[in-house]
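The values are calculated or read from the model by the stated rules, or taken from the named source; none is laboratory data. None of these values were measured; they are calculated from a predicted model. No Cβ is skipped: glycine too gets one built from the backbone with ideal geometry, and neighbour counts run over all protein chains shown. Accessible surface areas use protein heavy atoms only, side chains included; no ligands, DNA or RNA. Shrake-Rupley method; radii C 1.70, N 1.55, O 1.52, S 1.80 Å.
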Amino acid sequence: MRPESFEFLQTYLNNPSPTGFEKEGQKLWLEYIKPYIDEYFVDTYGTVVGVINPKAKYKVVIEAHADEISYFVNYITKEGYLYLRRNGGSDPLVAPSKRVNIFGEKGIVKAVFGWPAIHVRKVEQDKAPTIETVFLDCGASSAEEVAEMGVHVGSVVTFEDEFTVLNDKFYVGRALDNRVGGFMIAEVARMLKENNKKLPFGLYIVNAVQEEIGLRGAEMVAHRLNPDVAIVTDVTHDSQSPMYEKKTAGDISCGKGPVITYGPAVQNNLRDLIIDTAKKAEIPFQRAAATRATGTDTDAFAYSGSGVAAALISLPLKYMHTTVETVHRDDVDSVTRLIYETLLRIEDGHDFRYFT
């Protein structure tokens, strides 16, 4: 990875972008891709779309989502402790002893997820932490002191953990799901520009908001764009670490390449084009099966309007929805290259229908 790209990746991942509050991260992303696009727009809720060849009739989307799981302050006790509600699929099980940032009216307030010491608990009766039992301590001794700090019900909370590199080959941090996807589609735009590739269609590089609470950003922008094709990238579960059951989770591994999904929402001809592209470009890939929906923005695009040829290229990831989400650097490169190479094989007016 070139140094400038790596610097952007770190900056972008370290910047908090909670679901519904993605603005600052979206600004960073837009500034990075501006040199590689012809124009852009931002919709009402913050989805950013960079456009190449905006006058072309045939429209192809490459998409990722920008938001990260987080919490809302929901209740403040008279002693100054804070109880929360989840914003997206936040996992209270990983919360105790973690440091957080609370986004208050006067700026960021530091806090910690407190937890009783092992000495004072009846360990044999311990139960897993839940959203009802985890709490924040921001160093205040009363609800009034909390209010003076600028924290109130509705204040957003994100974990403090930041990006790091593990064993010189794994990228680790919070919010790789799915800002690493935003990074990869931005890199595709850069590669097209720097390699002077002229596409015969309009390309819409979409960094969507609010995926973590139901694919909402993609749903909105899909209706607005009414594209012909959508290639979505998101993360999927590496199933090699302990406690995974391959019979249900599949056999997916970090470091073995992009994951191409089979399922009703995935358009077969587009998927097969992606697989053929991977083979021709000698990009290793893995396969996965979805039951009904993919659970990603692929579904929002596929079923929008009169139907969009949509496919999913996933990045294997360990420890999803924790503060140590982990991906292999080679997979990041391979997903980026696969999207790039696939775009070069899509024709103007490409008809993906099964038969005519």
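Estimated from helical segments only, the mean residue ellipticity of the chain at 222 nm is -8000 deg cm²/dmol, where each DSSP H run of four or more residues counts as -39500 (n - 2.57).
Ligands, DNA and RNA left out, the accessible area of the chain computed with a 1.4 Å probe is 50% carbon and sulfur.
Taking all Cα pairs closer than 8 Å and separated by 6 or more residues, the relative contact order of the stretch 158-308 comes to 22 percent.
Roughly speaking, what is the stretch gain from Thr11 to Asp330, that is 0.36 nm per residue apart minus the C-alpha to C-alpha distance, in nm to one decimal?
Additional length available on full extension: 112.9 nm.
Backbone amide hydrogens, once placed in the peptide plane, bring His65 within less than 5 Å of Gly182, Ala208, excluding anything fewer than 5 places away on its chain. Scalar couplings 3J(HN,Hα) for the stretch 206-217, obtained by applying the Karplus form with A = 6.51, B = -1.76, C = 1.60 to θ = phi - 60°, are 10, 10, 8, 9, 6, 6, 5, 10, x, 6, 5, x Hz; x denotes Gly and Pro. Rounded to the nearest 20, the Cβ-based charge dipole of the stretch 35-92 about its Cα centre (Lys and Arg +1, Asp and Glu -1) stands at 180 debye. Per 0.36 nm of contour for each residue apart, how much would the distance between Ser142 and Arg224 grow if the chain were fully extended, relative to their Cα-Cα spacing? That pair, Ser142 and Arg224, stretches by 24.8 nm at full extension.
Each residue was assigned an accessible area with a 1.4 Å probe, and for Phe135 the value is about 40 Å². Applying a DSSP loop filter and a limit of 12 other Cβ atoms within 10 Å to the GluC sites (Glu not before Pro) in the stretch 255-342 leaves Glu282. Projecting label points 7 angstrom from Cα along Cα→Cβ for Lys279 and Met1 puts them 3.1 nm apart.
The magnitude of the dipole of the stretch 34-169, with charges of +1 and -1 set on the Cβ of Lys/Arg and Asp/Glu and taken from the Cα centre, is near 300 debye.
Amide H contacts under 5 Å for Gln286: Val259, Ile260, restricted to partners 5 or more places along the chain or on a different chain, H placed in the peptide plane at 1.01 Å from N. Rolling a 1.4 angstrom probe over the protein chains, ignoring ligands and nucleic acids, what is the accessible area of Ser306 in square angstrom, nearest 10? Rounded to the nearest 10, that gives 120 Å². A cut-off under 12 angstrom between Cβ atoms defines the neighbours of Val112, and their net charge, with Lys, Arg +1 and Asp, Glu -1, is +1. Scalar couplings 3J(HN,Hα) for the stretch 298-303, obtained by applying the Karplus form with A = 6.51, B = -1.76, C = 1.60 to θ = phi - 60°, are 3, 5, 5, 6, 4, 9 Hz; x denotes Gly and Pro. The mean sequence distance of close C-alpha pairs (under 8 Å, at least 6 residues apart), as a share of the length of the chain, puts its relative contact order at 22 percent. Which of the listed residues, Gln267, Thr236, Met220, is farthest toward the dipole's positive end in the stretch 158-288, when Lys, Arg count +1 and Asp, Glu count -1 at the beta-carbon? Checking the options against the dipole of the stretch 158-288, the answer is Gln267. Label separation (Thr291 vs Lys55): 5.0 nm, computed from points 7 Å beyond Cα along the C-beta direction. FRET efficiency for the Glu39 to Asn268 pair, using the beta carbon distance and R₀ = 41 Å, is estimated at 0.80. May I ask which residue of Phe352, Ile185, Gly139 lies farthest towards the positive end of the charge dipole of the chain, with charges of +1 (Lys, Arg) and -1 (Asp, Glu) on Cβ and the Cα centre as origin? Positive-end residue among those listed: Phe352. Which stretch or stretches of the stretch 42-56 have amide N atoms under 17 Å from the point lying 7 Å from Lys198's Cα along the Cα→Cβ direction? Within reach of a label on Lys198, which here means backbone N under 17 Å from a point 7 Å along Cα→Cβ, the stretch 42-56 contributes 52-56. Helix 329-343 and the longest principal axis of the C-alpha atoms of the chain enclose an angle of approximately 40°. Think of each Lys and Arg Cβ as +1 and each Asp and Glu Cβ as -1; about the Cα centre, that makes the dipole of the chain roughly 580 debye. Against the longest principal axis of the chain, how steep is helix 268-280, in degrees 0 to 90 to the nearest 10, with axes from Cα atoms? Computed tilt is about 80 degrees. Residue ranking by accessible heavy-atom surface, 1.4 Å probe, largest first, among Thr261, Thr133, Thr294 comes out as Thr133, Thr294, Thr261. Contact order for the stretch 14-154, expressed relative to its length and based on alpha carbon pairs under 8 Å spaced 6+ residues apart, stands at 23 percent. Shown are Met184, Met220, Met191, whose ranking by accessible area with a 1.4 Å probe and every protein chain present, most to least, is Met220, Met191, Met184.
So what is the accessible area of the chain per residue, in Å², with the probe set to 1.4 Å?
Numbers: 16570 Å² over 356 residues.
That works out to 47 Å² for each residue.
Here the stretch 219-356 carries DSSP beta bridges of which approximately 20% are antiparallel, counting only pairs with both residues inside. For the chain, the longest principal axis of the Cα atoms and the long axis of helix 23-33 meet at an angle of about 30 degrees.
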